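So the structure is just underneath, and the comments pick up after that.
The values are calculated or read from the model by the stated rules, or taken from the named source; none is laboratory data. Please read these numbers as outputs of a predicted model, since none were measured by experiment. Cβ: placed from backbone, ideal geometry, glycine included. Neighbour counts: every protein chain shown. When the accessible area is computed, the model is the full protein with side chains, heavy atoms only, and any ligands, DNA or RNA have been set aside. Shrake-Rupley method; radii C 1.70, N 1.55, O 1.52, S 1.80 Å.
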Amino acid sequence: MITIRSVTITALASAVLATSLTGCQFGEAEQDTSPIVIAVDLELSGSAAPVGKAYQRALDLKVEQLNASGALGARKIKLKVKDNRSDASESLRNVDDFSNDSQVSALIMGGCNECAVRAVRTINEKKLPTVVLAPSSAVASPVADRRYVFKLAPNAVDSAAALTGELRRRSIKKASVLNSEDSYGREGLAALRSEFAKANIRLINDQGIKATETDVSQPVKALTDDKPGALVVWTPPEQAMLAAAAAQQAKFKGALFFDAVAAGDLFLGASARSTEQATLIFTQTMVIDDVIATTPAKAARRQWFQNYTARFGGYNGFSSFGADAVQLIVDAELRAGGEAGKAGRDDLRDVLETSQMDGLSGPIRMTPDNHSGLMPQALTTLVARGGRWRLAG
């Protein structure tokens with residue numbers, strides 16, 4: 001009996017030893033090594049190329065960081081990027097191609113509002129979870145018609161509320177608005193009208209300009225001739241800088257305000273003189289080096305800012321949204337897949353719909369009733385001083 005037991009114990013010990021010696025090999029064989037493939041549709045050429053390229057740099061850097069972190073186990077993230085040439089029809093062809101690729105888990109789309117809206121039907125039909133970086137609310141609302149679409153850019157209503165609050169704080173009673181003639185520009189003008197009415201601020205005049213317009217001097221002159229206390233510029237970055245220069249040329253003495261979509265590079269370069277003391281509504285990430293890192297989220301934002309500036313020699317405000325889009329998708333993929341590995345598109349969508357994180361852009365919360373995740377408190381007030389954006393106050 002003793003002999004039998006001794007043999008049994010010896011055999012068990014040998015088995016345990018063998019397992020400990022070869023367990024890594026067995027474990028590696030059982031680990032999921034499938035790539036997390038994220039398709040990307042961006043404006044890398046054409047009129048919106050500056051923002052599209054900023055997104056691409058951010059996506060590449062974030063993927064590199066996550067792949068090197070070891071947090072994904074044996075898995076790696078792979079991006080499949082296509083240029084939509086700032087054209088909605090080309091974007092739709094890209095989305096169609098991506099949706100038919102069985103390797104693709106999810107899609108990230110850039111800042112083109114029309115591109116995202118036109119792609120909704122294909123995205124829904126092909127059940128392709130998509131995170132969009134464009135700002136128009138029509139991208140992700142109504143949710144019932146956009147079950148697979150999620151938005152990360154600032155919301156017009158939140159930006160208008162924050163901007164109006166700053167006007168009221170400065171006791172500015174009259175304002176004029178220059179807005180882009182696209183879905184987000186019109187949405188912004190409507191939001192400002194509503195907020196101004198509540199704050200008893202008079203909208204003296206408004207002018208719309210085409211997204212491709214390169215000469216804004218006439219509409220800016222028409223707006224500043226009315227001598228408003230503030231000129232609100234609700235356009236993309238390039239036009240916002242042109243508007244600032246035109247306002248300076250028109251000898252405008254009032255305050256200059258920019259909506260979040262006007263955010264671009266941290267350093268204002270040639271626009272420094274015309275934008276001095278201008279106000280921008282945006283996230284803290286743009287000026288995170290001015291913020292004391294009192295929380296893990298703020299520390300992560302500071303590290304991202306430093307890594308980005310070290311790699312690219314400057315900082316672009318939109319970069320954090322691209323990085324957060326990658327993080328959202330990867331987190332959802334890991335949560336949805338669990339030990340089984342690669343998640344299906346429907347599983348991924350379901351997890352995205354309840355995602356919460358303190359992202360690089362700020363707090364992000366998705367719900368079944370709201371697919372636009374950036375929270376209002378992510379926005380803050382920045383001011384241009386000495387050729388760069390700074391935290392106001």
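Tell me whether the stretch 56-168 comes out rounded, prolate or oblate; compute the Cα gyration tensor, take square roots of the eigenvalues as a ≥ b ≥ c, and use a/c under 1.5 as the rounded threshold. Write down the numbers at each step before the final one.
Values: a/c = 1.98, a/b = 1.29, b/c = 1.54.
Since a/c reaches 1.5 but b/c is at least a/b, the shape of the stretch 56-168 is classed as oblate.
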Report summary line: With a Förster distance of 51 angstrom and the Cβ-Cβ distance between D32 and R170, calculated FRET efficiency to the nearest 0.05 equals 0.40
Query - Among E213, E166, E187: highest mean-square fluctuation, GNM of the chain, C-alpha pairs under 10 Å - result: E213
Query raised in the report: Using only helices, what value at 222 nm comes out for the chain when you add -39,500 (n - 2.57) per DSSP H run of length 4 or more and divide by the total residues, to the nearest 500 deg cm²/dmol?
Result: -14500 deg cm²/dmol
Query raised in the report: Nearest 0.05, what FRET efficiency do K227 and R335 give at R0 = 45 Å with Cβ-Cβ as r?
Result: 0.25
Report task. Based on the mean of other Cβ atoms within 10 Å per residue, sort peptides 143-151, 302-310, 38-46 so the most packed one is first. Result -> 38-46, 143-151, 302-310
Requested in this report: Between R202 and T354, take the C-beta separation as r, use R0 = 35 Å, and let me know the FRET efficiency to the nearest 0.05.
Outcome: 0.25
Query raised in the report: What is the Cα centroid distance between the stretch 274-312 and the stretch 177-217, reported in whole angstrom?
Result: 27 Å
Query raised in the report: In degrees between 0 and 90, to the nearest 10, how far off the longest principal axis of the chain does helix 237-249 point, with axes built from Cα atoms?
Result: 20 degrees
Query raised in the report: Out of G314, G52, G373, any idea which swings most in a Gaussian network model of the chain, alpha carbons joined below 10 Å?
Result: G314
Query raised in the report: Within a Cβ distance under 14 Å of A323, other residues only, what is the Lys/Arg minus Asp/Glu net charge?
Result: 0
Requested in this report: Roll a 1.4 angstrom probe over the protein heavy atoms and tell me the percent of accessible area of the stretch 280-386 that is carbon or sulfur.
Outcome: 48 percent
Query raised in the report: Quick one: putting +1 on the C-beta of Lys and Arg, -1 on the C-beta of Asp and Glu, what dipole do you get for the stretch 83-232 around its Cα centre, in Debye to the nearest 20?
Result: 800 debye
Report task. With springs connecting C-alpha atoms under 10 Å apart, model the chain as a Gaussian network and identify which of G317, G73, G110 has the largest mean-square fluctuation. Result -> G73
Report summary line: In degrees rounded to 10, the 0-90 angle between helix 88-99 Cα long axis and the longest Cα principal axis of the chain is 10 degrees
Query - Distance between modelled label sites at Q249 and Q303, nm, 7 Å Cα→Cβ extension - result: 4.6 nm
**Report entry** Helix axis angle, 2-30 relative to the chain longest principal axis, alpha carbon, degrees
**Finding:** 30 degrees
